[in-house]
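Just below is one structure, and these are the notes that go with it.
All of the numbers you see were taken from the coordinates with simple rules; none came from a lab. As the structure is a computational prediction, the values presented were derived from the model and not from experiment. Glycine also receives a Cβ, built like all others from the backbone with ideal geometry; neighbour counts cover every protein chain displayed.
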Amino acid sequence: MDVIIRHSELSDVPAIKAIYQQESCYGGTLQLPYPSVDKWQKRFEQADNNFYSLIAEVDGEIVGQIGLDHFSNPRRRHVANLGMAVSEYHQGKGIGKKLLNAMLELANNWLAVTRIELEVYIDNPAAIKLYQSRGFEIEGTAKGYAFRHGKYVDCHLMAKVSS
């Protein structure tokens, strides 16, 4: 399976929205069910220059997206936060790893980011394993972090620090 990683374009918004409207994708992130194309369009149109978005394509189909928000505060300029989702039909095939590797390369080698933070729900062992395999460490657990499926769920606060 050939996976192409590239920067996302505004024309990719409907496919990105389609990924995040899948239950495991909105349930594993802070997105809500039933996203509108307009909301996603505005999100990408209004993104500042410190936001980077990559997508994964397989046979011309967009199957994953990763976003990196590079902080602009001078005291946190070395830090970024990331989040991603892979289509339910393509999870477990290494696409998340390819997206993550590409974003880490961009962040560390081109943006001078030395600390990358993320939040991951404690009931997502596949994601935790992926992040740990790339050097992310659990720095703490946020109790009652987000409301999902009618109850509050905890998440791990993870970070990767490079020199």
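What the table below lists for this structure:
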{"quantity": "Sequence-separation-based contact order of the range 3-161, relative, with Cα cut under 8 Å and 6+ spacing, percent", "calculated": "19"}
{"quantity": "Label point at Ile138 placed 7 Å out along Cα→Cβ; residues across the range 17-60 whose backbone nitrogen lies under 20 Å", "calculated": "28-30"}
{"quantity": "Cβ-placed point charges (K, R +1; D, E -1), dipole of the chain about Cα centre in debye, nearest 20", "calculated": "500"}
{"quantity": "Relative contact order for the range 1-93, counting Cα pairs under 8 Å that sit 6 or more residues apart, in percent", "calculated": "31"}
{"quantity": "FRET efficiency estimate (nearest 0.05) - Cβ-Cβ, Glu23 to Ala112, R0 30 angstrom", "calculated": "0.20"}
{"quantity": "Of all DSSP beta bridges in the range 3-161, antiparallel share, percent nearest 5", "calculated": "90"}
